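Note sheet for the following structure.
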Amino acid sequence: MTEYLFKVPSRFFMLVIGGGLLAGLLIFLAIQAMPVLGWILWFLAVAGAITGSALWYRGEFARARAAEDESHQAVRHKDSERNRTELRRQRAARRGELMTKYAGDNELVERIVLGLHWRGQTAGQLKDALGNPADIAAKVLKGRRQETWKYHPTGGDRYALWITLEKDFVMRWEERA
């Protein structure tokens, strides 16, 4: 906005000079028409001058605001572009880590990066795909351990995704709305 304000004085002086000439002409004409029209002409001239000045000021203020908003938008765009670049860099680094961890299995890494879960997936792969669960419920049934990993809490003891693991492998899941 400060750059814009430095441009305003030249416009302002041009408008003052032009406005002064126009006002002088109108005053001259008003004086000439005074005997015929009386004081009503003066009243209309002053009201017109005030209205014109207010409209001019409003337009200049709107242009200054638009220039300031444009400047802020450019800064926000630059920041968001920087954030997107950083996010891409982080995703590439994550993909590289997973490729090393899973011996270059491209399909497996892609499924993990997309945050998918599937039957037969290991507990480690599930953690890599979805992160740590919000809650884990464990049961021992006939000598085998069964865990239910709960993701995306919706309130209380309710979760949007329940994944059941047996012997550290995904066996089934249930998604709730």
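Summary of computed values
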quantity: The range 1-156, accessible area per residue, ligands and nucleic acids excluded (1.4 Å, Å²); calculated: 75 Å²
quantity: Spacing of the two label points (7 Å from each Cα toward its C-beta) at A54 and I17, in nm; calculated: 2.9 nm
quantity: Size descriptor, Kirkwood hydrodynamic radius, that averages inverse alpha-carbon separations across the chain, Å; calculated: 23.8 Å
quantity: log10 of Debye I(q)/I(0), alpha-carbon scatterers only, for the range 75-177 at 0.19 Å⁻¹; calculated: -0.97
quantity: Stretch gain in nm, segment R91-A103, where the contour uses 0.36 nm per residue and the Cα spacing is subtracted; calculated: 2.5 nm
quantity: Residue-averaged [θ]222 nm for the chain, counting only DSSP H segments that reach four residues, each worth -39500 (n - 2.57); calculated: -23000 deg cm²/dmol
quantity: Lys pairs under 23 Å by Cα in the chain, provided they are eight or more residues apart or on distinct chains; calculated: 10
quantity: Using distinct alpha-carbon pairs, which all enter the 1/r mean, Kirkwood radius of the range 30-93 in Å; calculated: 16.4 Å
quantity: List I136, I50, I163, ordered by accessible area with a 1.4 Å probe, largest first; calculated: I50, I136, I163
quantity: Angle between the chain longest axis and helix 2-37 axis [Cα atoms, degrees, rounded to 10]; calculated: 30 degrees
quantity: Rounded tilt (10° steps) of 40-101 against the dominant C-alpha axis of the chain; calculated: 20 degrees
quantity: Around A129: net Lys/Arg minus Asp/Glu count, Cβ-Cβ under 12 Å; calculated: +1
quantity: Scaled radius of gyration (Cα, divided by 2.2 N^0.38 Å) that the range 56-123 gives; calculated: 2.07
quantity: Sulfur and carbon atoms: percent of accessible area, the chain [1.4 Å]; calculated: 62 percent
quantity: Rounded to the nearest 10 Å², the accessible area of Y102 at probe 1.4 Å; calculated: 40 Å²
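The values are calculated or read from the model by the stated rules, or taken from the named source; none is laboratory data. Note that the structure is a prediction, hence the values are computed from the model and not measured. Positions of Cβ are backbone-derived with ideal geometry, glycine not excepted, and every protein chain shown enters the neighbour counts. For accessibility, only protein heavy atoms count, side chains too; no ligands or nucleic acids. Shrake-Rupley method; radii C 1.70, N 1.55, O 1.52, S 1.80 Å.
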